[in-house]
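Note sheet for the following structure.
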Amino acid sequence: SSDLTFGQMIVDNKPGAGGTLAGREVARATPDGYTLLFASSAPLAIGPALYKDHGYDVVKSFAPVAMFSDVPYVMIGATNAPFKNVQELLAHAKANPGTLNFGVPNGAPPHMLAEMFKARTGADIQVVPYRGASTLITDMIAGRIHGGFETTSVMFGHLQEGKIRGLAVVRDHRIAAIPDVPTLTESGVNGVEGSSWSGVVAPAGTPPEIIARLNMETLAALRSPEVADKLKLMAAESRATTPEEFGKFIADEYDRIGAVMRNV
């Protein structure tokens, strides 16, 4: 039925295994439009490329609803770390192999970016897995972790308050909100690419008319001033799509990230 009614939305956070635990639960849910996965590339591309037994098929297990946003990643460092920019980091890693560490949420996009950075630069850096970003940021502020990658949505406030240091933007252009932070390419490192895109999917088998209604409501939310203001605060960009466009995007990203992970 297309008579989908909206009331209170209950958010049930399911961290772990790069978001694939949440993906597995939604893939097995009743396809009635009331159980949705709001997810990033972690459970829809990276996690399935990393874990053999994640419990679902990225393309076949979900009915795409709409892409939502694209949030940039920034390479960040502790304020007490023995470097203030990417070149100083690489010089320190070369002179002191194995002494620097990067904190990453295990199986999430920052994990891939850290491994890509190591592969492209040859830097001997220890990658320390975390269950999630919040503990990682806490440890970085305390100086227990030297560096890593995180989205502006996660660490922007800490960056603006000077609790952590911005080293490089993982984009082909600088971010207006932090114009003094160069891109990785400007810092002399090429081939490290990625962003934290997000979107909504439903369990496979959800009726097309329900998918269409959910897409309409999602795009309406993206056009609202409240959401636009929130995205601006995170230096994020909205990405309104049709279900078909988002489905193709997910499939392409899964193939692209799988190829990247095989080569790092």
>> Run the simple label-point estimate for D172 and R144 please: 7 Å along Cα→C-beta, distance reported in nm.
In response: 4.0 nm
> Using the Cβ atoms and a cut-off under 13 Å, what net charge is assigned to the surroundings of I175, where Lys and Arg are +1 and Asp and Glu are -1?
Replying inline: -2
>> I'd like the Karplus ³J(HN,Hα) series for segment 173-180: coefficients 6.51, -1.76, 1.60, θ = phi - 60°, whole numbers in Hz, and an x wherever there's a Gly or Pro.
In response: 8, 6, 9, 4, 6, 9, x, 7
>> I'd like the accessible area for H173, computed on protein heavy atoms only with a 1.4 Å probe and all protein chains in place. Round to 10 Å², please.
In response: 80 Å²
>> With every protein chain kept in place and ligands, DNA and RNA left out, what is the accessible area per residue of segment 1-143? Probe 1.4 Å, answer in Å².
In response: 47 Å²
> Once Lys and Arg get +1 and Asp and Glu get -1 on their Cβ, which of G23, L44, T121 lies farthest toward the positive end of the dipole of the chain?
Replying inline: T121
> Regarding the chain, what whole-number volume in Å³ per residue does the convex hull of its Cα atoms give?
Replying inline: 122 Å³
>> Please report the net charge: other residues with Cβ closer than 11 Å to the Cβ of A45, K and R +1, D and E -1.
In response: -2
>> Please compute the per residue accessible area over segment 166-227 with all protein chains in place, 1.4 Å probe, rounded to a whole number of Å².
In response: 45 Å²
> How large, in Å, is segment 106-229 by the Kirkwood hydrodynamic radius built from its alpha-carbon pairs?
Replying inline: 17.1 Å
>> Would any residue of segment 19-51 have its amide N under 16 Å from a label point 7 Å out along Cα→Cβ of V59? List them or say none.
In response: 44-46, 48-49
>> If Rh is defined by the Kirkwood formula over all Cα pairs and Rg also comes from Cα, what ratio Rg/Rh do you get for segment 4-102?
In response: 1.15
>> Rounded to the nearest percent, how much of the accessible area of the chain (1.4 Å probe, protein heavy atoms only) is carbon and sulfur?
In response: 52 percent
> Which sequence of E115, E209, E253, E161 reflects their accessible areas, 1.4 Å probe, from the largest down?
Replying inline: E161, E209, E115, E253
>> Using the Cα centre of segment 1-154 as origin and beta-carbon charges of +1 (Lys, Arg) and -1 (Asp, Glu), tell me which of N13, H146, L100 is placed farthest towards the positive end of the dipole.
In response: L100
>> How charged is the neighbourhood of I250? Take every other residue with its Cβ under 14 Å from the Cβ of I250, and add Lys/Arg as +1 and Asp/Glu as -1.
In response: -3
>> Under the rule of at least 5 residues apart or a separate chain, name every residue whose amide H is placed under 5 Å from the amide H of L167.
In response: M75, I76, G77
> Under 5 Å between amide H atoms, partner at least 5 residues away or on a different chain: which partners does W197 have, H built in plane at 1.01 Å?
Replying inline: S41, V71
> Separation between the Q8 and N96 pseudo-spin-labels, each 7 Å from Cα along Cα→Cβ, expressed in nm?
Replying inline: 5.2 nm
>> At 222 nm, what value in deg cm²/dmol follows for the chain if DSSP H runs of at least 4 each add -39500 (n - 2.57) and the sum is divided by all its residues, to the nearest 500?
In response: -11500 deg cm²/dmol
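The values are calculated or read from the model by the stated rules, or taken from the named source; none is laboratory data. Quantities reported herein were computed from a predicted structural model and do not represent experimental measurements. Backbone-built Cβ (ideal geometry, glycine too); neighbour counts: all protein chains shown. In case anyone asks, the SASA skips ligands and DNA or RNA and just uses the protein heavy atoms, side chains included. Shrake-Rupley method; radii C 1.70, N 1.55, O 1.52, S 1.80 Å.
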